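Here's the structure, in structure tokens; my notes come after.
The values are calculated or read from the model by the stated rules, or taken from the named source; none is laboratory data. Note that the structure is a prediction, hence the values are computed from the model and not measured. All Cβ positions, glycine included, derive from the backbone under ideal geometry; neighbour counts span all protein chains shown. Only protein heavy atoms, including side chains, enter the accessible area calculation; ligands, DNA and RNA are left aside. Shrake-Rupley method; radii C 1.70, N 1.55, O 1.52, S 1.80 Å.
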Amino acid sequence: MLIKTAEFIISNSDVSKCPKDPIPEYAFIGRSNVGKSSLINMLTNHKSLAKTSGKPGKTQLINHFLINKNWFLVDLPGYGYARVSKTAKKKFQKFITNYFEQRQQLVSAFVLVDIRHEPQKIDMEFMEYLGEQGIPFSIIFTKADKLKPKAIERNVEDYTKEMLNVWEEMPPYFITSSSKTIGRDEVLNFIQDTNTEINSLRNQ
Ligand code: GTP
Ligand code: MG
């Protein structure tokens, strides 16, 4: 899919204040520092559309980006960031869960995990939560530039094994690097196919 336009629309911490447009949207979620905001910049071909940082805890709000004037990408704060206070963490969690539970336009979530790490409890739990909510999701492995191809293969295999302890099948997954622009077409094609599917269902 060609990205013709990518515009920042609004940031907020209240799902009821998110844009009202009845268009499909895709949310990026995962631990702080996993590369959610960098991935949005890579996908949209913009250096700093979404704000990134070497320090975890950069994204603190629900951020809507309008793509090609007909769908949204949503950048969210990370979960599992130890250095924000417990109260702040709870508040994050509440507005993030409100977002996932109330946002009608949400079509699919992307759960980002760092390809270098073995499966983390917090990610597995978040995916189970999405399953309970009936929210479709895919996994995006990030920072693939940090590993050699053999190690990537081994880690994805290990991750799949762990997932199959809980799930009947592995969800769709993508191997990406924002710094080396790996996996861009695959993620964008997935979104395009999903958008096409939604439009054909709507027109039935
Ligand atoms: P929060 O907003 O704090 O939740 O973090 P985030 O998940 O949005 O992460 P962000 O995109 O801000 O990136 C965190 C750090 O990881 C930054 O220093 C990025 O430059 C780095 N990073 C992100 N993606 C990649 C990647 O594909 N490869 C490498 N090597 N570094 C990356
Ligand atoms: Mg961020």
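Name the residues whose placed amide hydrogens come within less than 5 Å of the amide hydrogen of A50, ignoring near sequence neighbours (fewer than 5 apart) on the same chain.
HN-HN under 5 Å from A50: N41.
What whole-number value in Å² describes the accessible area per residue of the chain for a 1.4 Å probe? Could you put the intermediate results ahead of the total?
Numbers: 11090 Å² over 204 residues.
Accessible area per residue, the chain: 54 Å².
If you take every DSSP beta bridge fully contained in the chain, what fraction is antiparallel? Give it as a percent rounded to 5.
Counting DSSP beta bridges with both partners in the chain, the antiparallel share is about 40 percent.
Rounded to the nearest percent, how much of the accessible area of the chain (1.4 Å probe, protein heavy atoms only) is carbon and sulfur?
Values: 5410 of 11090 Å².
Answer for the chain: carbon and sulfur cover 49 percent of the accessible area.
For region 88-204, what class follows from the C-alpha gyration tensor (a ≥ b ≥ c being the square roots of its eigenvalues): rounded when a/c is under 1.5, otherwise prolate if a/b is larger than b/c, else oblate?
oblate
Given a Förster radius of 35 Å and the C-beta distance between T5 and N98 as r, what FRET efficiency does 1/(1 + (r/R0)^6) yield to the nearest 0.05?
Computed FRET efficiency for T5 and N98 comes out at 0.75.
Going toward the positive end of the dipole of the chain, with +1 on Lys and Arg Cβ and -1 on Asp and Glu Cβ, which of I62, V166, Y129 do you reach last?
It is I62, whose Cα lies furthest towards the positive end.
Straight-line reach from K148: which aspartates and glutamates fall under 15 Å, measuring Cα to Cα and dropping same-chain residues less than 8 apart?
Excluding near neighbours in sequence, the set is D114, E157.
By per-residue mean of other Cβ atoms within 10 Å, what is the highest-first order of 4-17, 120-133, 29-42?
29-42, 120-133, 4-17
To the nearest 20 debye, what is the magnitude of the charge dipole of the chain about its Cα centre, counting +1 on the Cβ of each Lys and Arg and -1 on the Cβ of each Asp and Glu?
1160 debye
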